[in-house]
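This report refers to the structure that appears directly beneath it.
The values are calculated or read from the model by the stated rules, or taken from the named source; none is laboratory data. Predicted model only: the values in this text are computed from it and were never measured. We place every Cβ from the backbone using ideal geometry, glycine too, and count neighbours over all the protein chains shown.
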Amino acid sequence: MAYNGVALAESAVLLDGPSAGLTVADEAAMYEAGLPAIDGDFAGKDLLVAGQLSDTDLELFFAEADLMGQVDDGPGRIRLLEDKIIARQFFEASTRTDQSFQAAAVALGAGVIGFGPNDGTSQKKGETPQDTVMTMDQYLGRQALSGLHVIRHPERLLVYQAAELASHPVLNAGNGDGEHVTQGMLDVYTMRQKLGEIAGKTVVFYGDMLKGRTVHSTSQLLAKLGVGKMYFVAPDLLQMPEDMLAKLDGLGAKYELTDDIESVISEADVLYRTRLQLERFTDEALEAMPPMGMVTPELLRRARNDVVIMHPFPEDSRNPDFDPAVRLDERFAVWEQTRMGKIARMAILALTLGRPMSGMTQPERQRIMGV
Ligand code: NCD
(Lines give C-alpha, C1' and ligand atoms only; values in the text may rest on other atoms or scores of the structure.)
Protein backbone atom coordinates (compact mmCIF):
# COMPACT_ATOMS: atom_id res chain seq x y z
CA MET A 1 0.00 0.00 0.00
CA ALA A 2 1.24 3.51 -0.79
CA TYR A 3 0.02 4.60 2.60
CA ASN A 4 2.53 4.15 5.41
CA GLY A 5 2.62 4.64 9.15
CA VAL A 6 4.84 7.72 8.89
CA ALA A 7 2.22 9.65 6.98
CA LEU A 8 -0.38 8.77 9.60
CA ALA A 9 1.87 9.76 12.49
CA GLU A 10 2.59 13.11 10.84
CA SER A 11 -1.05 13.89 10.29
CA ALA A 12 -1.77 12.90 13.90
CA VAL A 13 0.73 15.54 14.92
CA LEU A 14 -0.99 18.06 12.67
CA LEU A 15 -4.35 17.30 14.21
CA ASP A 16 -3.41 17.02 17.83
CA GLY A 17 -0.04 18.53 18.55
CA PRO A 18 3.11 16.63 19.38
CA SER A 19 2.63 13.01 20.34
CA ALA A 20 6.24 12.26 21.28
CA GLY A 21 6.65 9.58 23.91
CA LEU A 22 3.08 8.32 23.67
CA THR A 23 2.25 4.75 22.72
CA VAL A 24 -0.48 4.11 20.18
CA ALA A 25 -2.64 2.79 23.04
CA ASP A 26 -2.06 6.06 24.95
CA GLU A 27 -3.06 8.10 21.92
CA ALA A 28 -6.12 5.92 21.36
CA ALA A 29 -7.09 6.51 25.01
CA MET A 30 -6.78 10.27 24.51
CA TYR A 31 -9.07 10.18 21.52
CA GLU A 32 -11.49 7.89 23.34
CA ALA A 33 -11.76 10.27 26.27
CA GLY A 34 -13.19 12.84 23.85
CA LEU A 35 -15.84 10.56 22.31
CA PRO A 36 -19.48 11.12 23.23
CA ALA A 37 -21.30 8.47 25.24
CA ILE A 38 -24.27 7.13 23.31
CA ASP A 39 -26.43 7.75 26.39
CA GLY A 40 -29.74 6.64 24.90
CA ASP A 41 -29.30 8.41 21.57
CA PHE A 42 -27.23 7.01 18.70
CA ALA A 43 -28.40 9.64 16.18
CA GLY A 44 -25.56 11.47 14.47
CA LYS A 45 -22.88 10.08 16.79
CA ASP A 46 -19.64 8.38 15.83
CA LEU A 47 -19.52 4.81 17.15
CA LEU A 48 -15.90 3.78 17.54
CA VAL A 49 -15.43 1.83 20.79
CA ALA A 50 -17.39 -0.32 23.23
CA GLY A 51 -16.76 2.22 25.97
CA GLN A 52 -19.34 4.56 24.41
CA LEU A 53 -22.15 2.07 25.10
CA SER A 54 -23.96 1.44 28.39
CA ASP A 55 -26.14 -1.54 29.24
CA THR A 56 -29.25 0.54 28.49
CA ASP A 57 -27.81 1.58 25.11
CA LEU A 58 -27.34 -2.12 24.38
CA GLU A 59 -30.97 -2.81 25.35
CA LEU A 60 -32.05 -0.08 22.92
CA PHE A 61 -29.93 -1.73 20.23
CA PHE A 62 -31.37 -5.19 21.02
CA ALA A 63 -34.94 -3.86 20.68
CA GLU A 64 -34.06 -2.32 17.31
CA ALA A 65 -32.31 -5.50 16.16
CA ASP A 66 -35.40 -7.54 17.09
CA LEU A 67 -37.45 -5.35 14.73
CA MET A 68 -34.81 -5.66 12.01
CA GLY A 69 -35.03 -9.44 12.43
CA GLN A 70 -38.73 -9.09 11.50
CA VAL A 71 -37.74 -7.18 8.35
CA ASP A 72 -35.25 -9.91 7.47
CA ASP A 73 -37.84 -12.65 8.12
CA GLY A 74 -40.54 -10.72 6.28
CA PRO A 75 -40.29 -8.25 3.41
CA GLY A 76 -36.48 -8.47 3.25
CA ARG A 77 -36.17 -4.98 1.72
CA ILE A 78 -37.89 -1.82 2.92
CA ARG A 79 -37.57 1.91 2.24
CA LEU A 80 -36.66 3.07 5.75
CA LEU A 81 -33.35 4.69 4.70
CA GLU A 82 -34.08 5.36 1.01
CA ASP A 83 -32.89 8.97 1.34
CA LYS A 84 -29.54 7.98 2.96
CA ILE A 85 -26.07 7.15 1.62
CA ILE A 86 -23.61 4.73 3.21
CA ALA A 87 -19.90 5.20 2.36
CA ARG A 88 -17.99 1.97 2.93
CA GLN A 89 -14.23 2.52 3.20
CA PHE A 90 -12.31 -0.70 3.69
CA PHE A 91 -8.57 -0.05 3.72
CA GLU A 92 -8.19 -3.67 4.92
CA ALA A 93 -9.71 -6.96 3.71
CA SER A 94 -13.18 -8.01 4.85
CA THR A 95 -15.89 -10.47 3.91
CA ARG A 96 -18.53 -10.36 6.66
CA THR A 97 -18.22 -6.81 7.98
CA ASP A 98 -18.18 -5.17 4.56
CA GLN A 99 -20.80 -7.41 2.95
CA SER A 100 -23.15 -7.35 5.95
CA PHE A 101 -23.02 -3.55 6.13
CA GLN A 102 -23.82 -3.46 2.40
CA ALA A 103 -26.56 -6.05 2.79
CA ALA A 104 -27.99 -4.07 5.72
CA ALA A 105 -27.95 -0.83 3.69
CA VAL A 106 -29.63 -2.53 0.71
CA ALA A 107 -32.26 -4.14 2.97
CA LEU A 108 -33.19 -0.69 4.29
CA GLY A 109 -33.17 1.00 0.89
CA ALA A 110 -30.04 3.13 1.37
CA GLY A 111 -27.56 3.83 -1.43
CA VAL A 112 -24.02 2.49 -1.04
CA ILE A 113 -20.77 4.01 -2.31
CA GLY A 114 -17.20 3.18 -1.38
CA PHE A 115 -14.25 0.88 -1.86
CA GLY A 116 -12.32 -2.17 -0.68
CA PRO A 117 -8.54 -2.45 -0.31
CA ASN A 118 -7.93 -3.45 -3.93
CA ASP A 119 -10.23 -0.97 -5.61
CA GLY A 120 -7.57 1.38 -6.93
CA THR A 121 -8.28 4.59 -5.04
CA SER A 122 -5.62 7.31 -5.18
CA GLN A 123 -3.80 5.91 -2.16
CA LYS A 124 -1.61 4.35 -4.85
CA LYS A 125 -0.69 7.93 -5.80
CA GLY A 126 0.22 8.82 -2.24
CA GLU A 127 -3.12 10.17 -1.04
CA THR A 128 -3.44 9.99 2.75
CA PRO A 129 -6.35 7.98 4.17
CA GLN A 130 -7.49 11.19 5.86
CA ASP A 131 -7.87 12.84 2.45
CA THR A 132 -9.69 9.76 1.15
CA VAL A 133 -12.16 9.96 4.04
CA MET A 134 -12.64 13.73 3.58
CA THR A 135 -13.34 13.11 -0.10
CA MET A 136 -16.05 10.58 0.74
CA ASP A 137 -17.47 13.03 3.27
CA GLN A 138 -18.22 15.49 0.43
CA TYR A 139 -20.44 12.89 -1.26
CA LEU A 140 -22.75 12.15 1.66
CA GLY A 141 -25.04 15.16 1.29
CA ARG A 142 -25.10 18.38 3.28
CA GLN A 143 -27.35 17.26 6.14
CA ALA A 144 -25.67 15.70 9.17
CA LEU A 145 -27.93 12.63 8.96
CA SER A 146 -27.97 12.25 5.18
CA GLY A 147 -25.26 9.60 5.31
CA LEU A 148 -22.50 7.92 7.28
CA HIS A 149 -19.03 6.42 6.99
CA VAL A 150 -18.16 2.77 7.64
CA ILE A 151 -14.36 2.64 8.01
CA ARG A 152 -11.87 -0.18 8.52
CA HIS A 153 -8.17 0.62 8.64
CA PRO A 154 -5.10 -1.43 9.68
CA GLU A 155 -3.74 1.41 11.84
CA ARG A 156 -5.45 1.94 15.15
CA LEU A 157 -5.73 5.75 15.11
CA LEU A 158 -7.14 6.50 11.66
CA VAL A 159 -10.81 6.04 12.62
CA TYR A 160 -10.49 8.58 15.43
CA GLN A 161 -8.93 11.12 13.09
CA ALA A 162 -11.60 10.38 10.47
CA ALA A 163 -14.29 11.01 13.09
CA GLU A 164 -12.72 14.36 13.97
CA LEU A 165 -12.47 15.40 10.33
CA ALA A 166 -15.78 14.16 8.94
CA SER A 167 -19.07 16.00 9.15
CA HIS A 168 -21.03 12.74 9.07
CA PRO A 169 -21.00 9.93 11.65
CA VAL A 170 -18.20 7.36 11.48
CA LEU A 171 -18.78 3.71 12.35
CA ASN A 172 -15.60 1.81 13.24
CA ALA A 173 -15.54 -1.42 11.22
CA GLY A 174 -12.22 -2.53 12.81
CA ASN A 175 -9.23 -0.35 13.70
CA GLY A 176 -6.05 -2.42 13.53
CA ASP A 177 -5.54 -4.40 16.71
CA GLY A 178 -7.82 -2.02 18.64
CA GLU A 179 -11.56 -2.60 18.64
CA HIS A 180 -14.42 -3.83 16.50
CA VAL A 181 -17.47 -2.42 18.25
CA THR A 182 -20.17 -3.42 15.74
CA GLN A 183 -18.84 -7.01 15.82
CA GLY A 184 -19.06 -6.84 19.61
CA MET A 185 -22.69 -5.76 19.29
CA LEU A 186 -23.58 -8.58 16.92
CA ASP A 187 -21.75 -11.05 19.14
CA VAL A 188 -23.64 -10.12 22.30
CA TYR A 189 -26.91 -10.00 20.33
CA THR A 190 -26.25 -13.53 19.09
CA MET A 191 -25.42 -14.72 22.62
CA ARG A 192 -28.62 -13.14 23.94
CA GLN A 193 -30.64 -14.87 21.20
CA LYS A 194 -29.05 -18.22 21.98
CA LEU A 195 -28.90 -18.02 25.79
CA GLY A 196 -31.92 -15.84 26.59
CA GLU A 197 -29.84 -13.79 29.00
CA ILE A 198 -26.17 -12.93 29.34
CA ALA A 199 -26.08 -12.04 33.04
CA GLY A 200 -24.33 -14.72 35.08
CA LYS A 201 -23.13 -16.74 32.06
CA THR A 202 -19.58 -17.95 31.41
CA VAL A 203 -17.85 -17.07 28.14
CA VAL A 204 -14.56 -18.74 27.14
CA PHE A 205 -12.53 -16.78 24.57
CA TYR A 206 -9.91 -18.99 22.93
CA GLY A 207 -7.33 -17.85 20.35
CA ASP A 208 -5.40 -14.66 19.66
CA MET A 209 -6.40 -12.34 22.52
CA LEU A 210 -3.57 -9.90 21.82
CA LYS A 211 -4.34 -8.75 18.29
CA GLY A 212 -7.88 -10.09 17.82
CA ARG A 213 -9.90 -6.89 18.09
CA THR A 214 -13.33 -8.57 18.22
CA VAL A 215 -12.55 -10.02 21.67
CA HIS A 216 -11.52 -6.56 22.88
CA SER A 217 -14.95 -5.12 22.11
CA THR A 218 -17.11 -8.18 22.81
CA SER A 219 -15.60 -8.75 26.28
CA GLN A 220 -16.30 -5.15 27.33
CA LEU A 221 -19.90 -5.36 26.16
CA LEU A 222 -20.36 -8.66 28.01
CA ALA A 223 -19.00 -7.05 31.18
CA LYS A 224 -21.55 -4.24 30.81
CA LEU A 225 -24.32 -6.83 30.46
CA GLY A 226 -23.30 -8.56 33.71
CA VAL A 227 -21.63 -11.68 32.31
CA GLY A 228 -20.75 -14.04 35.18
CA LYS A 229 -17.20 -14.88 34.18
CA MET A 230 -14.87 -14.69 31.21
CA TYR A 231 -11.82 -16.83 30.48
CA PHE A 232 -9.17 -15.65 28.04
CA VAL A 233 -7.35 -18.74 26.78
CA ALA A 234 -4.08 -18.14 24.94
CA PRO A 235 -0.35 -18.70 25.24
CA ASP A 236 1.36 -15.85 27.15
CA LEU A 237 2.59 -14.24 23.93
CA LEU A 238 -0.99 -13.88 22.69
CA GLN A 239 -2.73 -12.86 25.91
CA MET A 240 -5.00 -9.82 26.33
CA PRO A 241 -3.18 -6.47 26.10
CA GLU A 242 -2.80 -4.33 29.23
CA ASP A 243 -5.01 -1.49 28.02
CA MET A 244 -7.91 -3.85 27.32
CA LEU A 245 -7.53 -5.53 30.73
CA ALA A 246 -7.55 -2.08 32.33
CA LYS A 247 -10.87 -1.36 30.59
CA LEU A 248 -12.31 -4.64 31.90
CA ASP A 249 -11.02 -3.85 35.40
CA GLY A 250 -12.71 -0.46 35.18
CA LEU A 251 -15.97 -2.28 34.48
CA GLY A 252 -15.49 -4.61 37.45
CA ALA A 253 -15.39 -7.65 35.13
CA LYS A 254 -14.63 -11.08 36.54
CA TYR A 255 -12.11 -12.84 34.33
CA GLU A 256 -9.15 -15.22 34.33
CA LEU A 257 -6.21 -15.62 31.95
CA THR A 258 -5.05 -19.16 31.19
CA ASP A 259 -3.30 -21.14 28.47
CA ASP A 260 -5.18 -24.36 29.24
CA ILE A 261 -8.45 -24.80 27.33
CA GLU A 262 -8.98 -28.31 28.76
CA SER A 263 -9.26 -26.97 32.29
CA VAL A 264 -12.04 -24.46 31.52
CA ILE A 265 -14.02 -25.88 28.60
CA SER A 266 -16.58 -27.63 30.82
CA GLU A 267 -17.66 -24.29 32.33
CA ALA A 268 -18.42 -22.57 29.02
CA ASP A 269 -21.90 -21.39 28.10
CA VAL A 270 -20.21 -19.86 25.05
CA LEU A 271 -16.96 -20.94 23.40
CA TYR A 272 -15.70 -18.04 21.26
CA ARG A 273 -12.74 -19.02 19.08
CA THR A 274 -10.58 -16.55 17.12
CA ARG A 275 -7.83 -16.98 14.55
CA LEU A 276 -4.18 -16.01 14.91
CA GLN A 277 -3.88 -12.52 13.35
CA LEU A 278 -0.95 -13.55 11.14
CA GLU A 279 -0.86 -10.24 9.28
CA ARG A 280 -0.26 -8.26 12.49
CA PHE A 281 2.96 -10.06 13.47
CA THR A 282 6.50 -10.06 12.08
CA ASP A 283 7.84 -13.31 10.62
CA GLU A 284 10.22 -13.64 13.60
CA ALA A 285 7.37 -13.26 16.08
CA LEU A 286 5.34 -15.88 14.20
CA GLU A 287 8.21 -18.34 14.33
CA ALA A 288 8.38 -17.98 18.11
CA MET A 289 4.62 -18.51 18.49
CA PRO A 290 3.52 -21.75 20.19
CA PRO A 291 0.66 -23.60 18.43
CA MET A 292 -2.80 -22.88 19.85
CA GLY A 293 -4.53 -26.14 19.01
CA MET A 294 -7.85 -26.71 17.28
CA VAL A 295 -11.34 -27.07 18.65
CA THR A 296 -11.88 -30.82 18.19
CA PRO A 297 -14.78 -33.23 18.81
CA GLU A 298 -12.67 -34.66 21.69
CA LEU A 299 -12.43 -31.26 23.35
CA LEU A 300 -16.16 -30.68 22.86
CA ARG A 301 -16.96 -33.97 24.60
CA ARG A 302 -15.95 -32.18 27.79
CA ALA A 303 -18.16 -29.18 27.01
CA ARG A 304 -21.81 -28.62 27.94
CA ASN A 305 -24.41 -30.22 25.68
CA ASP A 306 -25.74 -26.77 24.88
CA VAL A 307 -22.51 -24.79 24.60
CA VAL A 308 -22.78 -22.08 21.93
CA ILE A 309 -19.77 -22.26 19.58
CA MET A 310 -18.91 -18.93 17.98
CA HIS A 311 -16.12 -17.37 15.86
CA PRO A 312 -16.04 -13.95 14.16
CA PHE A 313 -14.52 -15.67 11.09
CA PRO A 314 -12.63 -15.86 8.80
CA GLU A 315 -11.20 -19.23 9.68
CA ASP A 316 -7.76 -19.42 8.08
CA SER A 317 -7.79 -22.62 6.02
CA ARG A 318 -3.97 -22.69 6.19
CA ASN A 319 -4.09 -22.76 9.95
CA PRO A 320 -7.60 -23.95 10.95
CA ASP A 321 -9.24 -23.24 14.32
CA PHE A 322 -11.86 -26.01 14.02
CA ASP A 323 -11.52 -29.67 13.21
CA PRO A 324 -13.82 -29.97 10.14
CA ALA A 325 -16.15 -32.28 12.11
CA VAL A 326 -16.94 -29.42 14.52
CA ARG A 327 -18.67 -27.48 11.75
CA LEU A 328 -21.26 -30.27 11.64
CA ASP A 329 -21.87 -30.17 15.40
CA GLU A 330 -25.33 -28.78 16.16
CA ARG A 331 -23.73 -26.47 18.72
CA PHE A 332 -21.76 -24.71 15.96
CA ALA A 333 -23.52 -21.31 15.81
CA VAL A 334 -21.19 -19.40 13.49
CA TRP A 335 -23.56 -19.16 10.51
CA GLU A 336 -26.32 -17.89 12.78
CA GLN A 337 -23.81 -15.39 14.21
CA THR A 338 -22.98 -14.35 10.64
CA ARG A 339 -26.67 -13.75 9.83
CA MET A 340 -27.02 -11.70 13.02
CA GLY A 341 -24.24 -9.49 11.63
CA LYS A 342 -26.60 -8.19 8.95
CA ILE A 343 -29.47 -7.70 11.38
CA ALA A 344 -27.27 -5.96 13.96
CA ARG A 345 -25.92 -3.60 11.30
CA MET A 346 -29.42 -2.81 10.01
CA ALA A 347 -30.18 -1.71 13.58
CA ILE A 348 -26.96 0.30 13.89
CA LEU A 349 -27.56 2.11 10.58
CA ALA A 350 -31.15 3.02 11.50
CA LEU A 351 -30.19 4.18 15.00
CA THR A 352 -27.19 6.23 13.86
CA LEU A 353 -29.12 7.88 11.03
CA GLY A 354 -31.86 8.86 13.48
CA ARG A 355 -34.61 6.69 12.07
CA PRO A 356 -35.04 3.69 14.36
CA MET A 357 -38.13 1.53 13.86
CA SER A 358 -38.38 1.30 17.64
CA GLY A 359 -39.16 5.04 17.62
CA MET A 360 -42.16 4.62 15.29
CA THR A 361 -45.83 4.16 16.07
CA GLN A 362 -47.34 0.76 15.22
CA PRO A 363 -49.17 2.11 12.10
CA GLU A 364 -45.94 3.76 10.86
CA ARG A 365 -44.10 0.52 11.34
CA GLN A 366 -46.79 -1.44 9.50
CA ARG A 367 -46.68 1.03 6.63
CA ILE A 368 -42.89 0.79 6.26
CA MET A 369 -43.11 -3.01 6.48
CA GLY A 370 -45.77 -3.00 3.76
CA VAL A 371 -48.36 -4.91 5.82
C1 NCD B 1 -12.60 -10.20 12.26
C2 NCD B 1 -11.91 -8.88 12.08
O3 NCD B 1 -11.75 -8.40 10.96
O4 NCD B 1 -11.57 -8.31 13.10
N5 NCD B 1 -13.51 -10.53 11.31
C6 NCD B 1 -14.74 -9.93 11.27
O7 NCD B 1 -14.85 -8.72 11.23
N8 NCD B 1 -15.83 -10.71 11.33
C9 NCD B 1 -11.74 -11.28 12.71
C10 NCD B 1 -10.46 -11.60 12.01
O11 NCD B 1 -10.06 -10.96 11.04
O12 NCD B 1 -9.84 -12.54 12.46
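Out of curiosity, is Met340 of a type in the set (A, V, I, L, M, F, W, C), crowded, with 18+ Cβ neighbours inside 10 Å and in contact (Cβ under 8 Å) with a residue 60 or more places away in the chain?
In short, yes.
So, Met340, is that one assigned to a loop (DSSP other than H, G, I, E, B), within 14 Å of the ligand (Cβ to nearest atom) and not small (Gly, Ala, Ser) or not?
Here the answer is no, as Met340 does not meet what is asked.
What is the residue count in segment 343-367 for residues that are part of a loop (DSSP other than H, G, I, E, B) and of a type outside the set (Ser, Thr, Tyr)?
Residues that pass the stated criteria total 5.
Identify, from the list Met191, Met185, Met230, Met292, the residue that is outside any helix (DSSP H, G or I) and within 16 Å of the ligand (Cβ to nearest atom). Talk me through it step by step, then tell me what you get.
On the way: Met191 fails: outside any helix (DSSP H, G or I); Met185 fails: outside any helix (DSSP H, G or I); Met230 fails: within 16 Å of the ligand (Cβ to nearest atom).
Among Met191, Met185, Met230, Met292, only Met292 is outside any helix (DSSP H, G or I) and within 16 Å of the ligand (Cβ to nearest atom).
Six or more apart or on different chains, Cβ atoms under 8 Å: show the pairs whose first residue is in segment 260-281 and within 10 Å of the ligand (Cβ to nearest atom) and whose second is basic (Lys, Arg).
Final answer for the pair search is Gln277/Lys211; Arg280/Lys211.
Out of segment 159-182, which residues are within 16 Å of the ligand (Cβ to nearest atom) and assigned to a helix (DSSP H, G or I)?
If the condition is that a residue be within 16 Å of the ligand (Cβ to nearest atom) and assigned to a helix (DSSP H, G or I), then Val159, Val181, Thr182 are the ones that fit.
Please indicate, with yes or no, whether at least one residue in segment 132-151 is among the aliphatic types (A, V, I, L, M), within 16 Å of the ligand (Cβ to nearest atom), at pLDDT 95 or above and outside any strand (DSSP E or B).
Scanning segment 132-151, I find no residue that is among the aliphatic types (A, V, I, L, M), within 16 Å of the ligand (Cβ to nearest atom), at pLDDT 95 or above and outside any strand (DSSP E or B), so the answer is no.
Every residue in segment 81-95 that is surrounded by fewer than 23 Cβ atoms within 10 Å (Cβ to Cβ), of a type outside the set (Phe, Trp, Tyr) and within 16 Å of the ligand (Cβ to nearest atom), please.
Residues satisfying the conditions are Glu92, Ala93, Ser94, Thr95.
Which of the residues spanning segment 312-327 are closer than 30 Å to Gln70 by Cβ and away from the ligand (no atom under 16 Å from the Cβ)?
To start, the set of residues in segment 312-327 that are closer than 30 Å to Gln70 by Cβ comprises 312-314, 327.
The answer is Arg327, and nothing else.
Sort out which residues of segment 99-113 are within 16 Å of the ligand (Cβ to nearest atom) and buried (at least 21 other Cβ atoms within 10 Å of the Cβ), and write them in order of number.
Ser100, Phe101, Ala104, listed by residue number.
Restricting to segment 194-227, what's the tally of residues that are in contact (Cβ under 8 Å) with a residue 60 or more places away in the chain and away from the ligand (no atom under 16 Å from the Cβ)?
9
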